[in-house]
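Notes for the one structure printed next.
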Amino acid sequence: METTGTTVGLGVLASSRQGISINFFTEVVFEFQNSPPLVYLMAAFAMTAFYCAISVFISMLFFKPGRHLALIYTLTTFDLLLLGILSAAAGAASTVFHSLNQSTSLDYSICDSFDRFCSHVIASDVFSLIASIQMVLLVLLNVVSLAKKISY
């Protein structure tokens, strides 16, 4: 579930290239690579999707009936770490969209010309918010699991 949100956000952000022609010789192109916070969001998406795939594999391979407190504790620690990274990247992407949507001195925002690029940035920011909520739920699930195992 978590992997789906981050993978879709990764795909939406990767396809956010848009260019407009100013004249016959000049084209202005906006890509996620032009903005360091969007590159950070892309890296956070990729890292979170990769971690979630590994986490699911480890959980299916090593979780057997019994006490595996160290493994649950380790996964919870990494879940919290990735939650912080993903939330910081989502905040950075939100500020990029906010700065793109601000009007300049000519009452003209960049999103008026690069509407597809801005809609991709918005969609990837929404997917990062969904992925952050999923990570919070995953952390809560791990904490409840830890609490049950410790109380026995």
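The values are calculated or read from the model by the stated rules, or taken from the named source; none is laboratory data. Predicted model, so just to flag it, every value in this text is computed and none were measured. Just the protein is used for accessible areas: all its heavy atoms, side chains included, with ligands, DNA and RNA removed. Shrake-Rupley method; radii C 1.70, N 1.55, O 1.52, S 1.80 Å.
Tell me, what HN-Hα J-couplings in whole Hz come from the Karplus equation 6.51 cos²θ - 1.76 cosθ + 1.60 at θ = phi - 60° for each residue of segment 68-77, using x for Gly and Pro?
3J(HN,Hα) across segment 68-77, in whole Hz: 10, 5, 5, 5, 5, 4, 5, 5, 5, 4.
Considering only protein heavy atoms, what is the solvent-accessible area of ILE122 at a probe of 1.4 Å, reported in Å² to the nearest 10?
80 Å²
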